[in-house]
Structures are given as structure tokens and as C-alpha cells.
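The values are calculated or read from the model by the stated rules, or taken from the named source; none is laboratory data. Keep in mind that this is a model prediction, so the values were computed, not measured. Counting neighbours? That spans all protein chains shown, and the Cβs are built from the backbone with ideal geometry, glycine included.
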Amino acid sequence: MTDILFTGGAVFTATGGPEAEAVLVRDGVITAVGSAADVALRAVPGYEVVDLRGGLLIPGVTDSHMHPVQAGLERAKCDLAEVYGLPEYLDKISAYAAANPAKEWIDGGGWDMTAFPGGLPHRSQLDFLDRPAYLIQRDHHAAWVNTRALELAGITAATPDPPDGRIERDPDGTPGGVLHEGAMDLVGLLTPRPTAADLDAALMDAQGYLFSKGITGWQDAIVGSYAGSDDQLPTYLSAAASGRLRARVVGALWWDRTRGSEQIDDLLARRESAKGLERFSATSVKIMQDGIAENFTAAVIEPYCRCGGTGLSYIDPQALKGYVAELDSHGFQVHFHAIGERAVREALDSFEGTNPANRHHIAHLQIIEPSDLPRFAALGVTANLQPLWATHHAQMDELTLPYLGEERSGWQYPFADLVALGTRLCAGSDWPVSNADPLQGMHVAVNRTEPPGSHHAGYPTAQTPFLPGQRLDLATVMTAYTAGSAWINDSPAGRIRIGAPADLAVLDRNPFTLPPGEIWSTKVTTTFVDGECVYSA
């Protein structure tokens, strides 16, 4: 393979050491990093030059929490993620129904709670359709259905809420058309299942899209069946075995909260099925401990203001400790979803006495009670950040802050406090819940404001920094997205250093030289995996 010299710009190595001007790649591996003159001297004659054109070379991003196969499936269905507002949603749904007359269901997702009063659409808004509809909320914690779908599922005013969910109801008790959390399965399991070919196409579509964002690896945060989704493990195994999976991926195996430790034997067998694959492993277990604050299912310590209740802990905290201890003893990494401060505390409690070498982490971390902040570093638990959510937007200002109260509202997304206490960071997007573009996430982490161009950028307070004392500097958050998330995946990538695989992304400008408010404008021009170009703008 011809040597490749990256030069003509700056290099962010994510090593914490001095930055560089050039990088040399040979046979897919980084062989030199340093000044432009010194690195060029090491190149074999006939080498290829990648001109950075004044931009920045960074390690390929590893996204520490996302759902690419689900995203690919939604992109192939009625995808509402690129539009906003009820009229726009109905136009998109109508067009999709007209273009797909043979489909038995209108399914897809991507709608935003903030497009509806109180965050709730209604079944009647979809009753113009001639068939059942099942549309997943953008954050995947609720579904919008029409009356026909409720009828097919046999859901009436007399149907009880499942233990891990809620049926939204009209004042007379009639189901209103929104199913929260575990209630989603009441309809979701009736929708047509994707074929193996559909799942494979979704993964390949997602991989190509993620390469365009400079993402060369990720942790899939649900590999298993959840809320009507399908098990994606066979899809990853097939793609990895055939060489079509080029990204470096860890699958977080889904912990079925309706079962107990008897499922660990199944998880061990699933992990073993991926053993020996170069691009995929199934070494993590995902435990969802609570829901979200906007529908009051996030587990909090003191009751929500106005509406009362303290949310849901999906797994009994005492049982959770035993499950985590057993998973840890088998060498599994545990990947928690925890939004509310009680769920965060329950996750941290379960990590007492576990082995930090297993690289346990807690994702989302919307609310952390201050006394729990030092426990991350003390227990060796990594904070898995989704920075895009840490802004003032309608979901925050209208559906969250009024129900958390003033003191608890100030505990949200405490990124800077975690860093000051020595916490290891990784970062991700939760795509398709939110934008996969890591530069958008970095913009929010640095500014704590909405990136211009987002659906919420015009909201009255969107450019007012949200808890600005919790900002991160760009180097810290870029390291979290690269070296930090690669570490979580036990990946050899994530840093630009001699001997590392040449998983790299070229940015069209150097965001370190931009005003902080312009970080969002940075774009990826080319992406490389093992020194091979997998995306070019």
C-alpha cells in the first residue's frame, strides 16, 4: 500500500501531548506524527498526499451511545426527523401513505414532543389514514398511534397500564393515542417485522451516513428486542463476518427487565457468538434503569413539581446490585441508561465493589444529585455524555424545568463538575434520538446553546447559555468523542499516535481557531478507516 501523508493543516492527536502538523500512514497504520518536514522525510517515494487545506485532522470519532440499525430502519420508513411541527408531520405522513399504498401499517418515527401542546399528539390527528399508524417519538420513549391501531391492539379505557409504562388517556379514560415506555409494545409488537435483508440494509445505510460525519466506531446501545424493535445481533454478526462492517463496533446486549439473573447464561452465549470477529464484539450489557423527565418516568428522589410522583425504577435497586455484581464477575461491561438523580444513584450503588477494568459507564446523566458527583471517579465509572441536550429549548424550558423545581434544575448535565472531580468522559449522540453529528455536540458542550440551523435554534432562549458554568473546553470534549469513547469500546483507535490504526477524519476548518459560537459550522470532508477513504465530500 502506498504511504499516505496528511499535511497542510493542524492535527489533533487526542493524546494530551503536543499537537502536530502532519501524519504518515503505511499499510493502514500510523507510522509518524510530528512536524510537516520531519514526517515527509519518513515517507516512501511515490507517497500519496492528503492536503488538509488549512483544516484539522482528528482521530475518527467513536460514538459511545447510539442506535444505528434503528436509525437506518426509520430512514427507510416514514421519517419525521428532518421536519418539525404538526402541519409538516401530517404532510410527510400523507405523502408517505400515498407513496406506499400496499403497506399494511404507516410506521416510522422522529416526531418531537415540543411540536405538541403539553408534549402530546392525539390519535385523532392520524385518523385520516386508511390503516393503522405507529410512529415512534424521536427519543424512543413513546409512540403516537391512531384509533385503528388501538382497536387492533384491543386497547380500551379498561386496559390497565403495564408496570413499566403508561397509556396516555383523555379525561374520560379513553386512550389518547400516546403510549409511553413499556406500553409501546402493546401496539409495536403488532407492526410488520423487518426482514433480515431490511436490517442489513439499515446497518449499511447507517454506516455510510456515520462515515460522512467522521464517525468510524460506535457502541450500539440496544442489541436485543426492546419496545417492538428487533434483535440486531445477527445483523452485526453477518456484516462483520463478511467484511461489510468497516466501523469498529461494540454491541451492548439488552438486559430484559422482565427477567432476572437467569438471563446471564443467554448473554454469555451471545457474547461468545461474536468472539473472534475483527470489527464487532458483544462485551457490554445495557441496563435501562429509568425513563425520561419529560413524561415523568425518570427516577427522581423528591416528587416532581405540579404533578407529583417520583418516576420509575425499572429494576429493583437491591436486585440490581446482584445483577451488576454477577455481570461484572463475568467480565461484562455494564452500560446504564440513567436520567433522573435517583436512577443515577441506583446505578452508582450497583457499581460499588465492581472492577473498574471492565469500563462501566452511565449514559445521559441529565440530573445528578451533587453528593453523587465524586462517586464517578472514586468508583472508576465513566460519564457517558450526550451534550446536544444541554441547552434551553422548548423541551427543556416548557416540559422539564417547571416540573423539576429550581434547585434540581440546576443539577442538570454537570459536565464541568464531573471533569473537575477527575471523572473519565466519553461522548455520543443517541442517534436517531438526536443529531449524529459530533461537531454539533461539541458546539453545545462548549457553548451550552443550540447550534444555529437546528430545529430549536429559533426558540426564544435557545442562544441563552444553559447553566454556563458547566461548559467544557473544546479539547476536553473532542477527546471525549475520540479517545474517551474508543477507550470505552476497548478500541485501538481514538488517538493519532504511532502504531494506531489510521481511522481518521479531515475537517474543513480548524474549530480551535474559530469563535466558539461558530464550532457548529465545521464539516467533515473525508473519513478514513485503516487508511482507506470511506467517505469524501
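Has the stretch 146-161 got any residue that is under 27 Å from residue 315 (Cβ atoms) and within 24 Å of the chain's Cα centre (by Cα)?
Within the stretch 146-161, the first condition is being under 27 Å from residue 315 (Cβ atoms), and the residues that meet it are 153, 155, 159-161.
Narrowing the set further to residues that are within 24 Å of the chain's Cα centre (by Cα) leaves none.
Within the stretch 146-161, none of the residues are under 27 Å from residue 315 (Cβ atoms) and within 24 Å of the chain's Cα centre (by Cα).
When residue 284 is evaluated against the numbered criteria (1) closer than 27 Å to residue 162 by Cβ; (2) modelled with pLDDT of 95 or more; (3) assigned to a loop (DSSP other than H, G, I, E, B); (4) among the hydroxyl-bearing types (Ser, Thr, Tyr), which criterion, by number, is the only one it fails?
Single failed check for residue 284: (3).
Pairs please, first residue from the stretch 196-219 and over 26 Å from residue 492 (Cβ atoms), second anywhere and surrounded by fewer than 19 Cβ atoms within 10 Å (Cβ to Cβ) and β-branched (Val, Ile, Thr), Cβ atoms under 6 Å, 6+ apart in sequence or on different chains.
none
Looking at the stretch 383-404 only, could you name the residues that are in contact with an Asp or Glu (Cβ under 8 Å, 6 or more places away or on another chain) and more than 18 Å from residue 459 (Cβ to Cβ)?
If the condition is that a residue be in contact with an Asp or Glu (Cβ under 8 Å, 6 or more places away or on another chain) and more than 18 Å from residue 459 (Cβ to Cβ), then 386 is the only one that fits.
Each row is one residue, and each column tells you yes or no for (1) in contact with a Gly (Cβ under 9 Å, 6 or more places away or on another chain); (2) without any contact (Cβ under 8 Å) to a residue 60 or more places away in the chain; (3) not small (Gly, Ala, Ser).
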residue	(1), (2), (3)
334	no, yes, yes
344	no, yes, yes
350	yes, yes, no
362	no, yes, yes
369	no, no, yes
372	no, yes, yes
377	yes, yes, no
386	yes, no, yes
392	no, no, yes
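Answer yes if at least one residue in the stretch 302-322 is of a type in the set (Lys, Arg) and within 20 Å of residue 400 (Cβ to Cβ), and no otherwise.
yes
Scanning the stretch 336-370 for residues that are β-branched (Val, Ile, Thr) and over 11 Å from residue 300 (Cα atoms), which turns out surrounded by the fewest Cβ atoms within 10 Å (Cβ to Cβ)?
354
Kindly check whether there is at least one residue in the stretch 175-191 that is surrounded by fewer than 21 Cβ atoms within 10 Å (Cβ to Cβ) and part of a strand (DSSP E or B).
Yes, the stretch 175-191 has at least one match.
Under the condition of being modelled with pLDDT under 95 and of a type in the set (A, V, I, L, M), which residue from the stretch 63-79 is surrounded by the fewest Cβ atoms within 10 Å (Cβ to Cβ)?
Result: 76.
Take the stretch 41-62 and flag every residue that is buried (at least 21 other Cβ atoms within 10 Å of the Cβ) and either more than 21 Å from residue 211 (Cα to Cα) or touching a helix residue (DSSP H, G or I) at 6+ places or on another chain (Cβ under 9 Å) (or both).
Result: 43, 56, 58, 59, 60, 61, 62.
So, in the stretch 365-414, of the ones that are among the small types (Gly, Ala, Ser) and within 21 Å of residue 431 (Cβ to Cβ), which residue ends up modelled with the lowest pLDDT?
394
Working carefully through the options 179, 120, 150, find the one that is in contact with a strand residue (DSSP E or B) (Cβ under 8 Å, 6 or more places away or on another chain) and modelled with pLDDT under 95.
The match here is 120.
So residue 407 fits all but one of (1) part of a helix (DSSP H, G or I); (2) under 30 Å from residue 518 (Cβ atoms); what number is the exception?
It fails just one condition, (2).
Got a number for residues in the stretch 40-85 being among the hydrophobic types (A, V, I, L, M, F, W, C) and free of Cβ contacts under 8 Å to residues at least 24 places away in the same chain? Quick ask: steps written out before the conclusion?
Pass one, the stretch 40-85, residues among the hydrophobic types (A, V, I, L, M, F, W, C): 40-41, 43-44, 49-50, 52, 56-58, 61, 66, 69, 71, 73, 76, 78, 80-81, 83.
Next, only the ones that are free of Cβ contacts under 8 Å to residues at least 24 places away in the same chain stay: 41, 83.
Count: 2.
Only one of 257, 244, 248 is on the phi < 0 side of the Ramachandran plot, basic (Lys, Arg) and without any contact (Cβ under 8 Å) to a residue 60 or more places away in the chain; which?
Going through 257, 244, 248 in turn, the sole match is 244.
Looking at 494, 517, which is the one that is more than 22 Å from residue 535 (Cα to Cα), touching a helix residue (DSSP H, G or I) at 6+ places or on another chain (Cβ under 7 Å) and of a type in the set (Gly, Ala, Ser)? Please lay out each step first, then the result.
Working: 494 fails: more than 22 Å from residue 535 (Cα to Cα).
Unique residue meeting the criteria: 517.
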